[in-house]
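Notes follow the structure.
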Amino acid sequence: MTDLSAAKDAARKAAFARRKAAHDPFAASAGHLSAFLAGHRGVPLAGYSAMRTEIDPAPALEEAAAHGPVGMPVIIGGGQPLKFRTWTPDCKMVAGEFGAAIPETGDWMTPEIVIVPLVAFDLGGGRLGYGGGFYDRTLEMLRAKRPTLAVGFAYAAQQAEDLPLEPTDQPLDLIITENGVVSF
């Protein structure tokens, strides 16, 4: 294990503990995300289905789906970018890779805004994910084709001072927490 890999593992462990402490599944924490997305109505976007103690974007995604296409990430295979399947609030969901809920059927779509789950973030746009590199590969691929906005969605408690980042880690354009929007 390299020093950077060990540092990322330690940062993830600390961030998971902060996220677990902040997690409140009954709190209305997607209000700022809804407000942000209202300014981008009709723009194709992708969200995610919250797992474990992730902050839940579902209320904001339901609102957005009334105004334009919304997709959910689907893991195609290890080492590959994500693909996005169209999603509506009433579509049938099934367990995908790692247990994340994905639409059972639907067309593939290409988002211009990607709501990104994360383990930790810093105020420079750095993001620490789960370690599979799926979002980094995906954002790199999407950004090579056209401008793509990467919006981190997290609890404020997931902020870290110094993240161990690599050149392949794709930066976020902004972070939205239960407390507001953080731009860089």
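No value in this document is a laboratory result; all are computed from the given coordinates. Keep in mind that this is a model prediction, so the values were computed, not measured.
Would you please classify the overall shape of segment 1-110 from the alpha carbon gyration tensor, given that a ≥ b ≥ c denote the square roots of the eigenvalues, rounded means a/c under 1.5, and beyond that prolate means a/b larger than b/c while oblate covers the rest? Intermediate results must be reported in sequence, preceding the final value.
Numbers: a/c = 1.99, a/b = 1.36, b/c = 1.46.
Here segment 1-110 falls in the oblate category.
Distant-in-sequence amide contacts of Ala120, defined by a placed amide H-H separation under 5 Å and a gap of 5 or more residues or a different chain, comprise Leu128. Annotation: lysines with alpha-carbon distance below 19 angstrom to Lys83 (same-chain offsets under eight excluded): Lys92, Lys145.
Here the Karplus relation 6.51 cos²θ - 1.76 cosθ + 1.60, evaluated at θ = phi - 60°, turns the backbone of segment 116-123 into coupling constants of 10, x, 7, 9, 8, 9, 10, 7 Hz, with x for every Gly and Pro. Under a 5 Å amide H cut-off, with hydrogens placed 1.01 Å from N, Leu149 pairs with Ile113, Val114 among residues at least 5 apart or on other chains. Phi angles of segment 80-90 translate, via the Karplus equation with coefficients 6.51, -1.76, 1.60 and θ = phi - 60°, into HN-Hα couplings of 10, x, 6, 10, 10, 9, 4, 9, 10, x, 9 Hz per residue; Gly and Pro are given as x.
Could you list the square roots of 5 times each eigenvalue of the Cα gyration tensor of segment 86-184, that is, the equivalent ellipsoid semi-axes, sorted largest first and rounded to whole Å?
Equivalent ellipsoid of segment 86-184: 24, 16, 14 Å, largest first.
Ignoring everything except DSSP H segments at least 4 long, calculate the 222 nm mean residue ellipticity for the chain; use -39,500 (n - 2.57) per segment, divide by total residues, nearest 500. Walk me through the numbers before you get to the answer.
Numbers: 4 runs with 48 residues, N = 184.
Calculated from helices alone, the mean residue ellipticity at 222 nm is -8000 deg cm²/dmol.
Take every Cα pair under 8 Å whose residues are at least 6 apart in sequence, average their separation, divide by the length of the chain, and the relative contact order is 23 percent.
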